[in-house]
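Have a look at the structure below before the remarks.
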Amino acid sequence: MTHAPAPDPFSLATGLDRIRAAGQFRRRQVLASAQGAAIQIEGRSYVNFSSNDYLGLANDARLVQAFQAAAATYGVGSGASQLISGYSRVHAQLEETLAARLGRTRALLFSSGYLANLAVVTSFAKRREDQVVMDRDNHASLIDGALLTRAGLRRYAHHDLAGLENLLGKGRTLVATDGVFSMDGSIAALPDLAALCARHGALLAVDDAHGFGVLGASGAGSPEHFSLDQNQVPILMATFGKACGAMGAFVAGPEDVIETLIQTGRTCIYSTAMPPALAAAATTALDLSARENWRRDKLQALVQRFAQGAQQLDLPVLPSTTPIQGFMVGSAAAALSGSEYLRAAGLWVTAIRAPTVAQHTERLRIALSAGHSEEQVDRLLEHLAQLARRLTR
Ligand SMILES: *Cc1c(COP(=O)(O)O)cnc(C)c1O
């Protein structure tokens, strides 16, 4: 069947051509297997270096079992937002577990990290005279939160504490930062950020999507990594979609922070609560993350193995002590062809291009997992070395 050309009053075709011409066209790939270190795509298997499943829990039988058992009791849909009738005992229990684990007074669930960040920014930087100050490389959801408020958005260069300090002391200020930055794997200098915020009376919010479950002796994330309590990091957001292998998110902090989010966080008030079964799976993931320290130990050993290997091979890899490792290629075309090259060798590594990162800083983004083996990491290094030689030829 053929379709007549659709009317295009908004010139969408031209817009799409422009995206293609800039090398920024994106395609989804259909996964035919569970998430994990090995995946199936279009009838081929790949070693997957493009997943946030850092602890290898996304397809863990015990998570599946917890999910199924809770679905058998509570059904699938939560049926309403938390404030109407969608807040079940499983949700409440997960919030209590989180608060206890993180040394915070309370925690509040959100259906996703994106929604949690929108609520944080819009609830704590509300008025025209307020400002929200962010690291330039913060996650898109924090930036989008700033677009939703009347407060002014100011950004400082990546990790530029002096630049940050220049922006403080000018009215009520929310400072928001990623704990671990998603595109280079670097860790925010949280002790310095906390001290600056305390000195200038600013409120600090940390998005620990990539630190939670990965950093800290018990996996409590970047605040634990630096031994910072809730007075120093009053707003702690993290997700269940990464190291916890599930989906959903939370904010943890002092009583008034959490109660303010319940009263004014529109993405909590006006959005359906996450399914109880998902909360049950997240609860089990928290438990496994805390009890099975070997996952973090193994992950850290693989990170070290990769970083040392990359250094010995003189690869253009950004310095990072976290599972996120950036192999710099410098153009969209090189990122795409590099990704293709690795794919041909059975390695799944995503090309990260503008506008996700700045132009000329295009990269292959490697994410390591406790589900990987040393052999798989060595194989990746070998092929990256070949790729580096091809790129400099
Ligand atoms: C993934 C991510 C989010 C969004 O979380 P979702 O639960 O996927 O919506 C927010 N911030 C950072 C830094 C992330 O990496």
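Here are some notes:
- Residue selected from segment 115-139 under the condition aliphatic (A, V, I, L, M) and either within 16 Å of the ligand (Cβ to nearest atom) or at pLDDT below 95 (or both), by the criterion farthest from residue 171 (Cα to Cα): 115
- Check on residue 54, within 20 Å of the chain's Cα centre (by Cα) and at pLDDT 95 or above: yes
- Listed conditions (1) under 18 Å from residue 383 (Cα atoms); (2) open to solvent by 20 Å² or more (accessible area, probe 1.4 Å); (3) at pLDDT 95 or above are all met by residue 247, apart from (1).
- Spans of strands (runs of 3 or more DSSP E) in segment 307-376 with at least 1 residues within 30 Å of residue 293 (Cα to Cα) and open to solvent by 20 Å² or more (accessible area, probe 1.4 Å): 350-352, 363-367
- With respect to (1) within 16 Å of the ligand (Cβ to nearest atom); (2) surrounded by fewer than 22 Cβ atoms within 10 Å (Cβ to Cβ), the lone exception for residue 166 is condition (1).
- Odd one out for residue 179 among (1) away from the ligand (no atom under 16 Å from the Cβ); (2) in contact with an Asp or Glu (Cβ under 7 Å, 6 or more places away or on another chain); (3) open to solvent by less than 60 Å² (accessible area, probe 1.4 Å): (1)
- Matching residues, segment 29-55, being open to solvent by 20 Å² or more (accessible area, probe 1.4 Å) and either part of a helix (DSSP H, G or I) or charged (D, E, K, R) (or both): 42, 44
- Scope segment 274-290; condition open to solvent by 10 Å² or more (accessible area, probe 1.4 Å), over 20 Å from the mean Cα position of the chain (by Cα) and aliphatic (A, V, I, L, M); matching residues: 280
- Qualifying positions in segment 133-158 - aliphatic (A, V, I, L, M) and open to solvent by less than 10 Å² (accessible area, probe 1.4 Å): 133, 134, 142, 146, 151
- Answer from 8, 17 - the residue that is without any contact (Cβ under 8 Å) to a residue 40 or more places away in the chain, acidic (Asp, Glu) and over 26 Å from residue 331 (Cα atoms): 8
- Within segment 86-114, tally of residues that are within 16 Å of the ligand (Cβ to nearest atom) and either open to solvent by 40 Å² or more (accessible area, probe 1.4 Å) or part of a strand (DSSP E or B) (or both): 5
- Any chance residue 195 is closer than 23 Å to residue 261 by Cβ, more than 10 Å from the ligand (Cβ to nearest atom) and either of a type in the set (Phe, Trp, Tyr) or not in a loop (DSSP other than H, G, I, E, B) (or both): no
- Filter result (surrounded by fewer than 24 Cβ atoms within 10 Å (Cβ to Cβ) and over 20 Å from residue 110 (Cα atoms)) within segment 203-243: 203, 216, 217, 218, 224, 225, 226, 227, 228, 229, 231, 232
- Close contacts from segment 335-361, counting a first residue that is closer than 16 Å to residue 183 by Cβ and free of Cβ contacts under 8 Å to residues at least 40 places away in the same chain and a second that is surrounded by fewer than 17 Cβ atoms within 10 Å (Cβ to Cβ) and not charged (D, E, K, R), with Cβ to Cβ under 6 Å and a gap of 6+ residues or different chains, come to 360/330.
- Qualifying position, being more than 16 Å from the ligand (Cβ to nearest atom) and either touching an Asp or Glu at 6+ places or on another chain (Cβ under 6 Å) or at positive phi (or both), among 318, 299: 318
- Selection within segment 1-28 - open to solvent by 70 Å² or more (accessible area, probe 1.4 Å) and in a loop (DSSP other than H, G, I, E, B): 1, 2, 3, 4, 5, 6, 7, 9, 10, 26, 27, 28
- Which listed residue, of 58, 70, is surrounded by 17 or more Cβ atoms within 10 Å (Cβ to Cβ), within 16 Å of the ligand (Cβ to nearest atom) and in contact (Cβ under 8 Å) with a residue 40 or more places away in the chain: 58
The values are calculated or read from the model by the stated rules, or taken from the named source; none is laboratory data. Predicted model, so just to flag it, every value in this text is computed and none were measured. Glycine also receives a Cβ, built like all others from the backbone with ideal geometry; neighbour counts cover every protein chain displayed. Surface accessibility is based on the protein's heavy atoms, side chains included, excluding ligands, DNA and RNA. Shrake-Rupley method; radii C 1.70, N 1.55, O 1.52, S 1.80 Å.
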